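See structure below.
The values are calculated or read from the model by the stated rules, or taken from the named source; none is laboratory data. On a predicted model such as this, the values are computed, not experimentally measured, just so you know. Cβ sites come from the backbone with ideal geometry, for glycine too, and all protein chains shown count toward neighbours.
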Amino acid sequence: MSCAEMRPLIEGYFDHELDLVRSLEIEKHVESCTACAEHLKHLQGLNLTLHAARLHEAAPERLRRWAESLGEPRAKRVPVFHWDMFHQWGTLGVAAFAGAALWIGVPLAERTVSERQVADEIVSAHVRSLMAGHLTDVASTHQHTVKPWFSGKVDFAPFVRDFDEFGFALKGGRLEYVSQRPAAALVYQHHQHIVNLILWPAAAARDRSSETLTRRGYNLVHWIRSGMTYWAISDLNSRDLQQFVQIFESQAVLPGTS
Amino acid sequence: MSPQDDHRAFQDAVLPHLDAAYTLARWITRRPQDAEDVVQEALVRALKYFSGYRGGNARAWFLTIVRNTSFTWLQRHRSPEIQTDSEERMAERPDENSNPEAVMLQGASRQKVRLAVGELPLEFREVVILRELEGLDYKEIAAVVGVPIGTVMSRLARGRARLQESLGEMRSSL
């Protein structure tokens, strides 16, 4: 097969559109043909360039909220029933749900609604932070630089430590505004992945063990410890993110626990 | 199906693809505000036609609506390829008086890439976005754009070649 005939197949190969036999043919051809190897390299280069330019756009929060409410039958008018709960309890049947609602009642429903909103805000904060120049307000790998930076900006002292020895290197800190209050964001890097740990004083004093959830392709872990609310978010897989949380929890000297 | 189930099913079908929808609309209309309007309109259409959606590839289904809404929107508001989009170009063009190296370091290369993509003719631009950014396969792109797979392949090849050309200069200067 000539190079001219090969050319469209190279793109098909690059786009994973060819069957195994054809793919092997291309791989063999590319080994011996500089022009086609060059073409393949250019395709890869272009793909990397486009991704590096971050052409992806996150839908504005306003649009997302609007989309989430679209087609909602009467949710706003029946605050006790939230669809998340309905979904969770669906398999147990409405009777079980109604029974449960008697003792869990409204607070859980409200908690679910507001937590969903907070999770959305965390995702938005994370996505914003990944855009050019927004990752850190204070860029430093030193906890003694990052921690004091927060004083006067937030009304609490976040626990800041570099976990480089565990594979999570501190990159810096950032001010966030979540759930209508200032929050501290600590930025960590694990290989190519950024982890944002966002924290602020919890409304409820009771500790809560970590819960994981996935939103818009990101993994999130949420927990409450010693009066602080924590949200860790990353495109890391769930297991690695949970590992990060374990490292943080095991290392953290938190107020009232030391 | 109860209204709750309907709502849940609709949300499950479209919400995971909202960013993809916004990105596609953003790169077809080339303006963020327009993209927001288009996606809103597309969502309303999607809800309206949702009863006719038989399951399957929700992303391709929703992106088809977004793509068609974008085109209707362009036709209604401006002629796509005559429009020069001066507003955005002014905003994204790097300062030509400044030191080119410094501009690169400040992330202007990103702007250049965005400019190059924005300048692609619409028919190439949409397939490049769908393939390179959204990762749709040829069959899905053919369904979204409404052309045969062969056309997808040739448009994609030409779109990529044009981008290589306009970015080649940039790369060699890096």
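Let me spell it out: the conditions are (1) within 9 Å of another protein chain (Cβ to nearest Cβ); (2) surrounded by fewer than 18 Cβ atoms within 10 Å (Cβ to Cβ); (3) at pLDDT below 90, and residue B:166 meets all of them except one. Which number is the exception?
Among (1) within 9 Å of another protein chain (Cβ to nearest Cβ); (2) surrounded by fewer than 18 Cβ atoms within 10 Å (Cβ to Cβ); (3) at pLDDT below 90, the lone unmet condition for residue B:166 is (1).
If I ask for residues that are of a type in the set (D, E, K, R) and either under 37 Å from the mean Cα position of the chain (by Cα) or within 14 Å of chain B (Cβ to nearest Cβ) (or both), which ones from region A:23-44 would you list?
A:27, A:38, A:41
Among the residues of region B:143-154, write down those that are crowded, with 20+ Cβ neighbours inside 10 Å and more than 11 Å from every other protein chain (Cβ to nearest Cβ).
Result: B:144, B:145.
Would you check if there is a residue in region B:92-110 being under 30 Å from residue A:16 (Cα atoms), of a type outside the set (A, V, I, L, M) and modelled with pLDDT of 90 or more?
no
Identify, please: which residue in region B:51-62 is within 13 Å of chain A (Cβ to nearest Cβ) and crowded, with 17+ Cβ neighbours inside 10 Å and is, among those, modelled with the lowest pLDDT?
B:59
If a residue has to be touching a Gly at 6+ places or on another chain (Cβ under 9 Å) and of a type outside the set (A, V, I, L, M, F, W, C) to count, how many in region A:156-191 make the cut?
Matching residues across region A:156-191 total 3.
Here's a check for you: in region B:1-37, which residue that is modelled with pLDDT under 90 and touching a Pro at 6+ places or on another chain (Cβ under 7 Å) is surrounded by the most Cβ atoms within 10 Å (Cβ to Cβ)?
That would be B:7.
Is at least one residue of region A:142-165 within 14 Å of chain B (Cβ to nearest Cβ) and either surrounded by fewer than 14 Cβ atoms within 10 Å (Cβ to Cβ) or part of a strand (DSSP E or B) (or both)?
no
I'm trying to understand the selection: among the residues of region B:12-50, which are at the interface with chain A (Cβ under 7 Å from one of its Cβ atoms) and of a type in the set (S, T, N, Q)?
B:23, B:40
Taking helices (runs of 4 or more DSSP H) that do not extend beyond region A:1-99, which have at least 1 residues that are of a type in the set (A, V, I, L, M) and modelled with pLDDT of 80 or more?
It comes to A:3-14, A:20-32, A:34-52, A:61-69.
Please enumerate the residues belonging to region A:2-17 that are more than 12 Å from residue A:30 (Cβ to Cβ) and more than 10 Å from every other protein chain (Cβ to nearest Cβ).
Correct list: A:2, A:4, A:5.
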